[in-house]
Each structure stands twice: as C-alpha cells, then as structure tokens.
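One structure below.
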Amino acid sequence: MVSTPRLAHVVLQTAQPDVLTDWYCRLLDGHVVYSGKGLTFITFDDEHHRIALLTLPGPEQVRPPSAPGMHHVAFTFDDLDGLLERYQSLAQQGIRPVAPVQHGVTTSLYYRDPDGNYAEMQIDNFPIPDEATAYMEGPEYDADPVGPAFDVDLMVAARAQGAPVAELIRRAWALSGPRLPHPWELFAAAETA
Ligand SMILES: [Fe+2]
C-alpha cells in the first residue's frame, strides 16, 4: 500500500520576521510556537507549525513579481460565513484582500503579505471534490478559468440580509455587482501599490 503525504507546512524567507509574524498570526488567528535563531514557527490548528519564517544572514534580495516560483498558499474554511467573518475581522485590523475572486470552483480572497507573498483565503463552492472537477470540465470554466472579481462588502451585506450561500457563490452573483477590474489587473495593481 502506498502512503500518501499530506501538506505539513510552508516556510517563507523574510528579512522582517517580526512584521510577518504579526501579519500571519492575524491572518490565520494563529500563534507562535517557537521563535529564535532566525526561525519562527506559527500554527493555527493541530499541527505544531503550519507557517515558518526563516531569516538567513546576508543582504535581502527582492524577487521581481514575474519571477518563477510559488504564487500563493491557500487556506480553506468550512463555509462562507466563516470566510466572511474572518474577512470582517481582518478588515477591522486594516488587512484587506487585494483580489476577491469568484473562481466558480472556490470563492477566494487573496491577501498580500508585507513581503509581497500571497495568501488565499477560500471556501470550496462544491461540497464534493468530484462536483468541483466536473465544474472545471464544464463550459463556464472553459470560457474563463479565473472568473470575475467581486465586492466582498456587498457579499457581507447580502448575506446579512439573508441571501442564500448558493446564490452568493455563483459567478452570476459576482457579475451582478459593480464592474471590477479583472483579477490579473488587481494583482498587478497590488504589486505597484
Ligand atoms: Fe489557489
């Protein structure tokens, strides 16, 4: 029988570990389990660390936005209300997503950390993975595998007024709001902000 590994943690190199520690603890409602000798371990669940920060000696090298490498790490919530609650909590702390995207397969909020790394906070729009796969093989996804940006505050307000989750997580709902830039434009704007 073949063993299947699970994702354990992500390690980010940074020259400003204190700033990133604060940011990731806020983003993930996490806490530090170890800090010292250029290492900081952060967790928010039953794993001993999910995000680690590594500070190496020597001058910091800034990675250009288009450089090959990891684009983002995604964290998933059980339901839309949980995602929107975290969105509101972070917004109150001045942390706002640079790109809220209705992918169709997920409802995703992309945050940019103080070093320029992206973290996606999301929900799966389909309760069963096979349904998500079927959606990705369908015409809506084929026509546009990214999907439109959406207004999160409008979603929060609509949900508070009782709009059903099933309606809010459709691309049609995202497109019914104010016209927003394409997600790629939002990412590009974040890089130059
Ligand atoms: Fe993602």
ask   = Going by the structure shown, is R159 of a type in the set (D, E, K, R), touching a helix residue (DSSP H, G or I) at 6+ places or on another chain (Cβ under 9 Å) and surrounded by 17 or more Cβ atoms within 10 Å (Cβ to Cβ)?
value = no
task = Could you tell me which residue of segment 90-99 is surrounded by the most Cβ atoms within 10 Å (Cβ to Cβ), considering only residues that are in contact (Cβ under 8 Å) with a residue 40 or more places away in the chain and either within 16 Å of the ligand (Cβ to nearest atom) or in a helix (DSSP H, G or I) (or both)?
result = A99
request  = Sort out which residues of segment 37-73 are touching an Asp or Glu at 6+ places or on another chain (Cβ under 8 Å) and modelled with pLDDT of 85 or more, and write them in order of number.
outcome  = F44, H72, V73
Checklist (1) out of contact with any Gly (no Cβ under 6 Å at 6 or more places or on another chain); (2) assigned to a helix (DSSP H, G or I); (3) over 20 Å from H72 (Cα atoms) applied to P178, failing item = (2)
inquiry  = Which pairs turn up if I take residues in segment 3-28 that are on the phi < 0 side of the Ramachandran plot and look for partners that are of a type outside the set (F, W, Y) and part of a helix (DSSP H, G or I) with beta carbon separation below 8 Å, at least 6 apart in sequence or on another chain?
reply    = L12/L20; T14/L20; R26/L90; L27/L90
key: Single condition H31 does not satisfy, out of (1) in the same structural domain as P183 (by TED's automatic domain parsing); (2) in contact with a helix residue (DSSP H, G or I) (Cβ under 7 Å, 6 or more places away or on another chain); (3) on the phi < 0 side of the Ramachandran plot   = (1)
ask   = Applying the selection to segment 55-85, what residues are away from the ligand (no atom under 16 Å from the Cβ) and either of a type in the set (D, E, K, R) or within 11 Å of the chain's Cα centre (by Cα) (or both)?
value = E60, R63, D78, D79, D81, E85
query = Taking the condition surrounded by 13 or more Cβ atoms within 10 Å (Cβ to Cβ) and in contact with a Pro (Cβ under 6 Å, 6 or more places away or on another chain), does Y87 pass?
reply = no
query = Out of curiosity, is Q102 within 12 Å of the ligand (Cβ to nearest atom) and in the same structural domain as L168 (by TED's automatic domain parsing)?
reply = no
ask   = If you check A74, A15, which single one turns out to be of a type outside the set (D, E, K, R) and part of a strand (DSSP E or B)?
value = A74
ask   = So which residues in segment 126-152 are in a loop (DSSP other than H, G, I, E, B) and touching a strand residue (DSSP E or B) at 6+ places or on another chain (Cβ under 6 Å), if there are any at all?
value = G147, P148, F150
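The values are calculated or read from the model by the stated rules, or taken from the named source; none is laboratory data. Fair warning: this is a prediction, and the values are worked out from it, not measured in the lab. Here Cβ is always computed from backbone atoms with ideal geometry, including for glycine, and neighbour counts include all displayed protein chains.
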